[in-house]
Protein chains: 2
Amino acid sequence: MDLNKLLKAKSLAVVGASEKPGFGGDTCRNILEYRKDLSRVYFVNPGREMVLGRKCYKSLSEIDDEVELVIICTSQATVCGLLREAKTKGCGGAVVFASGYSETGDEKGKAAEEELKSLAKELDIAVLGPNCGGFNNYVDDVISFAFPVEKRDRKGSIGFISQSGQFCINLMDSSEMRFSYAISIGNGKIVTLEDYLDFLVEDEHTKVIAVYMEGVQDAERFASCLRKAAQKKKPVIIQKGGKSEKGGKIAASHTGALAGSDRAYDAVFDKFGVIRADDMQEMMSTALLLSTLKNLPEKAAFASMNISGGETAICADMGSTFGINYPDFEESTLTKLKSMLPSFCTPGNPLDMTAALCYDSDLYAEGLKVVMDDPNIEMVLIGITIQLVVADPTIYNIYHGVKKVVDQGYKKPIAILPFIEGTRNRDVAEKFREIGVPILPSPKYAFSALSHLSNYIGYDSSKRELSLAVPKKATAGKKRALSEVKSKQMLKENGISLDLGVIVTSREDALEKAKHFTYPVVMKIESDDILHKSDVGGVILNIKSEDEIGKAYDTILENVKSRMPEAKINGILMQNMMPQGTELILGVKRDAQFGPMLLAGLGGVFVEVFGDSSLYPIPLNKNEAYEMLKSLKSYKMLTGYRGTPPRDIDAVVEMMVAISEFARKNKDRLCELDINPLFVYGEGAGVGVADALVVLEE
Amino acid sequence: MDLNKLLKAKSLAVVGASEKPGFGGDTCRNILEYRKDLSRVYFVNPGREMVLGRKCYKSLSEIDDEVELVIICTSQATVCGLLREAKTKGCGGAVVFASGYSETGDEKGKAAEEELKSLAKELDIAVLGPNCGGFNNYVDDVISFAFPVEKRDRKGSIGFISQSGQFCINLMDSSEMRFSYAISIGNGKIVTLEDYLDFLVEDEHTKVIAVYMEGVQDAERFASCLRKAAQKKKPVIIQKGGKSEKGGKIAASHTGALAGSDRAYDAVFDKFGVIRADDMQEMMSTALLLSTLKNLPEKAAFASMNISGGETAICADMGSTFGINYPDFEESTLTKLKSMLPSFCTPGNPLDMTAALCYDSDLYAEGLKVVMDDPNIEMVLIGITIQLVVADPTIYNIYHGVKKVVDQGYKKPIAILPFIEGTRNRDVAEKFREIGVPILPSPKYAFSALSHLSNYIGYDSSKRELSLAVPKKATAGKKRALSEVKSKQMLKENGISLDLGVIVTSREDALEKAKHFTYPVVMKIESDDILHKSDVGGVILNIKSEDEIGKAYDTILENVKSRMPEAKINGILMQNMMPQGTELILGVKRDAQFGPMLLAGLGGVFVEVFGDSSLYPIPLNKNEAYEMLKSLKSYKMLTGYRGTPPRDIDAVVEMMVAISEFARKNKDRLCELDINPLFVYGEGAGVGVADALVVLEE
């Protein structure tokens, strides 16, 4: 399938063309409104001679031209026949609005979708939908969007892919949005989300990609698109529905998407530098910020310039909440500002300029230049609320001041930061946009967008291992937990250094082997059937003599035999007792879609009471492992807390990378790995695996 | 001073009346636009015969009427003379726009403000400002606001007090805002924030109070206003600038406000049920939600109704993030919905209705009634984005559907929840407002407002001790730390039960007194000069015999004499060693404005690594103490963690109330109290004060 024949079709036909409201009528109206060259546009409806003043064909076959794209506005029953007919006209792309496919959740719908899918494959037609809202390619004026929206220029550089048609409408309704492509993908099982994503990553007209998704189809392909985008430095902003439990259920019933673990999505997005938005407004305003700026700032170092003290205080407070970096101005900047501003001003960053410079655009430009010249500053935020009706001429003075500075060749990016919501006066907004100055939304969204921008600038794809260990298929084989010794053996064979101990099978054996140990030792029952050894009295710690070894051997066997008589016992594990260290938990959880994920956290209350753990996709490199640890709130327990010397973080990182490698190699059969606890000792003294559990899928 | 003569003046004069832009011109234009009855409005300017088509007087004295309110648009130098002249005309209120007062931060400005303040007192004139933007009383059309805003009806029931003039402009710019009063208080040192607050709490036309503040003048008065509002159930929404360190400095230099500890403000707002907003938009939309609804829901139980799956998923996800309660529908509701919606819908709450019912307002009304009839639901959120230009007729069908339901007498409140920002179509917005249906802002603000609403409904003033222990004055006397024994003695005298132990002053004394102890005991150096006893080797724990007592006595004295030879030693404290319990920290911190605050948290890493502590104003009752503990993330450590039986929470609560009472009685001299650790034992076994420190101000 060639997506160009769908999204960049040179000729198109609307089947079911009509003047009435509905798919047929609204699509025709949209095409007539937005497509300049109508020479290769054909309306088809057997019941009409003319539609909206244009010739209407009885059938596709009647058209004396190749029809690259067919837009099918008629019911489900007609779709397959129309595709076959379209194929005879050289068709390579189709839009199918009809519903009644897999989204119904019933067998009939699923079968209809399978049939459509195989026909599309057979005919080599790239099908958008079914159950979709169409798409608009604003670059080449290929229009197929089915819903009525206000007539307005929307051409820009944001490529939007949406599993919700309504969200396309929402974004088109916003007067600020500018698209390269807007694609409502519907069920998206024929041409998939990943296909569109790949197209937009490659598309030179698309500067920023925005996605509303409820789930992925092909995790490997998804990852490879994200890798390509990261390497090209093309921002991808995703809003994934189904973060919460209720939301996940709704997303699943909406497009039949397998929501997957939301935390796994977060982890994957983190690895690939994807910006995750909480809602449409956040997605849209972040996309607009990134696409409107002519160049992104070199680093996240903002100046905030405002005309009132209250607004300046909000910028400081919100900036602090959202982690926005406002560096101090240089002394020379402060001196210059002092000379320009009223005597009662105390310049700083954020800056309360008062309204003093706003009555004259030259004065404003001079003030702005002083701030932009400061070497600590990379981007300027101008606080001013622009509403629909502009009653205060200040805004025009600021605009002209900004324009003067931009025209003089100042390159540091600038954005306008309003304090309340509102459709901004379109004339003013357009003027600012033309000079590369985006108008941000109200503060919570504005500061979210600025925080995303800061993180995006800071993201360095070269420091990440940009792949996933996606399992071949989500098998549902039988799970088998290995005993401690077998788990440890498997880890040791995979290069993870640990003390295996020895298994003894009789009292005498135990006493004999004890000669090679230094006390204290620990003894544990070794059985494939016993996962919670302490619970059955199967563990005795701190054994200090030969005498105690004999007693421990007997006690453990007695305990286990009385409490789990049916367990098959391999023997008793004898080990040197490890010195106590800072307790860490390292584990691997398998995500059904994205494969193994590494979990790290400090033991005890940190994970259990505060949920302070970090999850990250495997494979990972040392840098990523180190960042995982640093992201823990309890990280300070490792760097020296209450007089404890710093812990051997390098050794932890090496262990994490070794676990990652082990899990990557075993991605198709490793269900779970738990190292709990891992003792971490002082710098240079390494780590010790105190207990380990491997769960495999047969 | 009588605020009615300022805010509800029956006659008024503008001094410095003009047609030019600026204070004089814009105020005159605003009055002419917004005040219906101009019969007792006088313009004064010695240089003009007419202003904006109205007679202009040479001076106030020339006016042949009482002038209750004088609006002074002229410079600082003229103000005092004009006030004296105005007094001869019966003036009781004045607006002073001029700047150059305490906000300059210099001595001259402060002196000018002091002079103005005493003159206002002498003449008994209620002065708004100086350095203010004026006020509008929309109830009685008393207009003095100085800045140009779009002409539009703004009359409503929100009383707004602002320490920033710019924020008044911002809120007036919003097409949705409706005020009873909007007051830009400027420096606010003559008539104060507390005066205006008191006025609006009493004002029957004001349903909701919104405040932008940077600091309080009179904490006692502030608290009494908040108490009155809480008891009247009149919502107070406050945005306090200066939450962050940088913001605090900006607020201080803006209006010279003493920002105080931001955490203390949070605590005071919590006690009095004040809604705290993060920014103007959040304040405005929460105020609009509370003022537009004809009645508030009985409890926080929301239904979310949407026309698309993606939007429904957002409502679920954002609801989960903001703690919004969506109860499950009754079975009968689900059955009814199923019969009305397309077969592929799976009804639930949040509800994806699809667009099926939106094509017909009767159908929509039926669907809405089914949801409103559900006994688990108290309020309905209708998800639909309304933009400036309405391209989709669905919105009108929904409006007519909602109106039918409201007209039929359905009382449960309804709000409209849009998914992206935008000035809403004014006609549609007005129609919804008329039937008591507010249009919320974009989701982050909408869900913040709904979360505030939920908390507000849940707030019960009868369960709170609605007062503060504001100290007489913020003295800066010398601080004096008491020794452990003296600290404990003071607490014991104040009804806090603890084991004092005995002080021994010789080895023999120690051995003699030891006879009355059961081992193990603990011995600690007792000296006013030594706060960190362990650091100087001044503590020996777990002493188990007479022999060890003698040795411990000598060791402690040797340690202290060698490490702190200058310390004056009162003796050595001998106590029974307390059994180990769950460690709590209880403390009192004094806030310079609001007085003593109780601090509670679990010991060790909980407070130190996770900052998990709770701060609440003293005095507090048992209910408040209990809520403080419940607000800790680590609260579960007290209710039974990892098999530990539940701790004696009642005993902790009693101790907290006793400490509160102690701090209240000593509010003028208690700087700090630390009980660290407090051991908490199992249920019924009480608590034990292991160490205590009292710091007093002389």
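The values are calculated or read from the model by the stated rules, or taken from the named source; none is laboratory data. These figures come from a predicted structure and were not determined experimentally. Using ideal geometry, Cβ is built from the backbone for each residue, glycine included, and neighbour counts are taken over all protein chains shown. When the accessible area is computed, the model is the full protein with side chains, heavy atoms only, and any ligands, DNA or RNA have been set aside. Shrake-Rupley method; radii C 1.70, N 1.55, O 1.52, S 1.80 Å.
Values for this structure:
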{"item": "Subset of the stretch B:58-80 [touching a helix residue (DSSP H, G or I) at 6+ places or on another chain (Cβ under 7 Å), β-branched (V, I, T) and assigned to a helix (DSSP H, G or I)]", "result": "B:V79"}
{"item": "Test: residue in the stretch B:268-279 that is touching a Lys or Arg at 6+ places or on another chain (Cβ under 8 Å) and under 30 Å from A:P342 (Cβ atoms)", "result": "yes"}
{"item": "Qualifying position, being open to solvent by 60 Å² or more (accessible area, probe 1.4 Å), touching a residue at least 40 places away in the same chain (Cβ under 8 Å) and either within 15 Å of B:S483 (Cβ to Cβ) or polar (S, T, N, Q) (or both), among B:Q593, B:Q575, B:Q580", "result": "B:Q580"}
{"item": "Hits in the stretch A:324-347 - residues which are within 11 Å of chain B (Cβ to nearest Cβ) and in contact (Cβ under 8 Å) with a residue 12 or more places away in the chain", "result": "A:I324, A:Y326, A:D328, A:P342, A:P347"}
{"item": "Filtered residue count, the stretch A:411-438, keeping only those that are of a type in the set (A, V, I, L, M), over 23 Å from B:A277 (Cα atoms) and outside any loop (DSSP other than H, G, I, E, B)", "result": "4"}
{"item": "Looking only at the stretch A:265-311, and only at residues there that are β-branched (V, I, T) and part of a helix (DSSP H, G or I), the one that is nearest to the other protein chains (Cβ to nearest Cβ)", "result": "A:T286"}
{"item": "Breaking point among (1) surrounded by fewer than 18 Cβ atoms within 10 Å (Cβ to Cβ); (2) not assigned by TED's automatic domain parsing to the domain that holds A:C80, for A:S162", "result": "(1)"}
{"item": "Selected residue (only one of A:A651, A:A663 is of a type in the set (A, V, I, L, M), surrounded by fewer than 20 Cβ atoms within 10 Å (Cβ to Cβ) and assigned to a helix (DSSP H, G or I))", "result": "A:A651"}
{"item": "Only one of A:D460, A:D427 that is within 25 Å of A:K232 (Cα to Cα) and without any contact (Cβ under 8 Å) to a residue 24 or more places away in the chain", "result": "A:D460"}
{"item": "Single condition B:Y364 does not satisfy, out of (1) touching a helix residue (DSSP H, G or I) at 6+ places or on another chain (Cβ under 6 Å); (2) of a type outside the set (S, T, N, Q); (3) part of a loop (DSSP other than H, G, I, E, B)", "result": "(3)"}
{"item": "Tabulated pairs, the stretch A:161-183, first in contact (Cβ under 8 Å) with a residue 40 or more places away in the chain and of a type in the set (D, E, K, R), second open to solvent by 10 Å² or more (accessible area, probe 1.4 Å) and not in a helix (DSSP H, G or I), C-beta under 6 angstrom, 6+ apart or interchain", "result": "A:R178/A:G156"}
{"item": "Any hit, the stretch A:360-378, residues being in contact with a Phe, Trp or Tyr (Cβ under 8 Å, 6 or more places away or on another chain) and within 14 Å of another protein chain (Cβ to nearest Cβ)", "result": "no"}
{"item": "Filter result (charged (D, E, K, R), assigned to a loop (DSSP other than H, G, I, E, B) and modelled with pLDDT under 95) within the stretch A:106-140", "result": "A:D106"}
{"item": "Scope the stretch B:607-630; condition open to solvent by 20 Å² or more (accessible area, probe 1.4 Å) and over 17 Å from the mean Cα position of the chain (by Cα); matching residues", "result": "B:V607, B:E608, B:F610, B:G611, B:S613, B:N621, B:K622, B:N623, B:Y626, B:E627, B:K630"}
{"item": "Test: residue in the stretch A:528-539 that is open to solvent by less than 80 Å² (accessible area, probe 1.4 Å) and part of a helix (DSSP H, G or I)", "result": "yes"}
{"item": "Cross-chain or 6+ apart pairs with Cβ under 6 Å, the stretch A:656-668 first and closer than 12 Å to A:A625 by Cα, then in a helix (DSSP H, G or I)", "result": "A:M656/A:A625; A:V657/A:K622; A:V657/A:A625"}
{"item": "Test result for B:G319, open to solvent by less than 20 Å² (accessible area, probe 1.4 Å), in contact with a His (Cβ under 7 Å, 6 or more places away or on another chain) and within 13 Å of another protein chain (Cβ to nearest Cβ)", "result": "no"}
{"item": "Test: residue in the stretch A:469-481 that is part of a helix (DSSP H, G or I) and open to solvent by 10 Å² or more (accessible area, probe 1.4 Å)", "result": "no"}
{"item": "Residues being over 30 Å from A:P471 (Cα atoms) and either in contact with a Lys or Arg (Cβ under 8 Å, 6 or more places away or on another chain) or of a type outside the set (D, E, K, R) (or both) - total across the stretch A:618-648", "result": "11"}
{"item": "Output for the stretch A:81-99, where each listed residue is more than 26 Å from A:S164 (Cβ to Cβ), touching a helix residue (DSSP H, G or I) at 6+ places or on another chain (Cβ under 7 Å) and part of a loop (DSSP other than H, G, I, E, B)", "result": "A:K89, A:G92"}
{"item": "Residue selected from the stretch B:419-437 under the condition more than 10 Å from chain A (Cβ to nearest Cβ) and crowded, with 22+ Cβ neighbours inside 10 Å, by the criterion nearest to B:T321 (Cα to Cα)", "result": "B:V437"}
{"item": "Top-ranked residue in the stretch A:188-204 [being more than 20 Å from A:Y138 (Cα to Cα) and out of contact with any strand residue (DSSP E or B) (no Cβ under 9 Å at 6 or more places or on another chain); ranked as most open to solvent (accessible area, probe 1.4 Å)]", "result": "A:K189"}
{"item": "Among the residues listed as B:E115, B:E68, B:E103, B:E107, the single one being touching a residue at least 24 places away in the same chain (Cβ under 8 Å) and open to solvent by 50 Å² or more (accessible area, probe 1.4 Å)", "result": "B:E115"}
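Residues are listed down the side, and each one gets a yes or a no for (1) open to solvent by less than 10 Å² (accessible area, probe 1.4 Å); (2) closer than 22 Å to B:R426 by Cα; (3) under 29 Å from the mean Cα position of the chain (by Cα):
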position	(1), (2), (3)
B:L123	no, no, no
B:A126	yes, no, yes
B:G129	yes, no, yes
B:G134	yes, no, yes
B:A146	yes, no, yes
B:R152	no, yes, no
